[in-house]
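Presented below is the structure to which this report refers.
The values are calculated or read from the model by the stated rules, or taken from the named source; none is laboratory data. As the structure is a prediction and not an experimental result, all values here were calculated from the model. Heads up, the Cβs are rebuilt from the backbone with ideal geometry, glycines too, and the neighbour counts pull from every protein chain shown. Please note that ligands, DNA and RNA were not included when accessible areas were found on the heavy atoms of the full protein model with its side chains. Shrake-Rupley method; radii C 1.70, N 1.55, O 1.52, S 1.80 Å.
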Amino acid sequence: MSETQAKAFLRPGKVFLLTLAGVLVYLVALVVLVPAGWLWHQASAHIQLPPEIQVGQVSGKAWSGAAGAVVAGYPVTLEWQLGTPSLPGLSLPVVFSVVSSQSSVDGRVSFNREGNGSLDAKGRLAVAEFGDLIRRSGGALIEGDVIIDRLALAWQDGRITSADGIGRWAGGEVTWPMGDSVGQAEFPPMEATLDSTADGVALVIAEQGGDGPAADVEIRWNGMMDLRVYKRMVDLAGQPWPDSARPGDVVFRVRQALVPGGVL
């Protein structure tokens, strides 16, 4: 009569599973319990932000927290909350909101371990809040808010692979620099659509319900930007122009490098 050999309680397979479970518990606890401010202090020395962005106080946990920052001279607050990671693609979703004194953008960004990902956002921009910045750059200042109904981006290997978005403005007074004076006009409701192209992304601005673009801008991956203004924009502004020009004619065009001597 043979004796049944007693099986060891800690077999190699069980040791491996217990070790793996311990590591997972540790990582979860690290994300949930470690202060976000401490993590940012450790990581900030290895992250080079643009000079226009200065990060201030960081609070909360890595899983859910907030940070104060100054972007191009404007104070903003960023809040985030990590979602449940997706194991098949090893992607991590993050729900976020960015709020300034008068504007806000909410959305969701997801990225994987290779740095590829996507973003979906919507929000409201109070143009008057950025009036000083617009005037310094010589741009046109509009009254009221711009509503971002949809902004969807996807990127891979450091390049945007798809872009889709729409924004709208209810119309009103527009002012712009005109030599030593200031031009102004009443504009109807306008809309802007964002789309991806074979060479980059394109933004088209048009009157809501209109029959063609008033202006468009294309940003190419080689770092070049093309801006075109059509006679429709001149007509909307009520400015004089030869009657021989048609609404779809380009009356102003600028092509310049966004990154001088470089490629995006």
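Determine the gain in length on full extension of the stretch Glu79-Leu133; use 0.36 nm per residue of separation and subtract their C-alpha separation, reporting nm with one decimal.
Answer, rounded to one decimal: 17.0 nm.
Any idea of the accessible area per residue across segment 112-204, 1.4 Å probe, to the nearest Å²?
58
Taking square-rooted eigenvalues a ≥ b ≥ c of the alpha carbon gyration tensor, is segment 172-236 rounded, prolate or oblate, where a/c under 1.5 means rounded and, failing that, a/b exceeding b/c means prolate?
Note, shape of segment 172-236 comes out oblate.
Please state the shape class of segment 105-229: rounded when a/c is under 1.5, otherwise prolate if a/b exceeds b/c and oblate if not, all from the C-alpha gyration tensor. Walk me through the intermediate numbers first.
Values: a/c = 1.91, a/b = 1.72, b/c = 1.11.
The shape class here is prolate.
At 0.36 nm per residue, and after removing the present C-alpha to C-alpha distance, how many nm does the segment from Arg168 to Ile53 gain when stretched out fully? Let's see the in-between values first.
Working: separation 115, 0.36 × 115 = 41.40 nm, distance 2.74 nm.
Extending this stretch completely gives an extra 38.7 nm.
For segment 38-89, what is the accessible area per residue in Å², given a 1.4 Å probe and the full set of protein chains?
Values: 3630 Å² over 52 residues.
Value for segment 38-89: 70 Å² per residue.
Determine the gain in length on full extension of the stretch Ala185-Val71; use 0.36 nm per residue of separation and subtract their C-alpha separation, reporting nm with one decimal.
The Ala185-Val71 span can extend by a further 38.0 nm.
Could you compute the net charge surrounding Val254? Neighbours are other residues with a C-beta less than 13 Å from the C-beta of Val254; K and R count +1, D and E count -1.
Working: positive: Arg228, Arg253, Arg255; negative: Asp216, Glu218, Asp226.
With Lys, Arg at +1 and Asp, Glu at -1, the net is 0.
Would you mind counting up the charge near Arg220? Only other residues with Cβ under 9 Å from its Cβ, with Lys and Arg at +1 and Asp and Glu at -1.
Within the 9 Å Cβ shell, the charges total -3.
According to the square roots a ≥ b ≥ c of the eigenvalues of the Cα gyration tensor, what is the shape class of segment 88-165, taking rounded for a/c under 1.5, prolate for a/b larger than b/c otherwise, and oblate for the remainder?
It is prolate, given that a/c is not under 1.5 and a/b is the larger ratio.
Taking all protein chains in place and a 1.4 Å probe, what share, in percent, of the accessible surface of segment 148-239 do carbon and sulfur account for?
About 53 percent, which is the carbon plus sulfur part of the accessible surface.
What does the charge count around Val127 come to, taking other residues whose C-beta lies under 9 Å from its C-beta (Lys +1, Arg +1, Asp -1, Glu -1)?
-3
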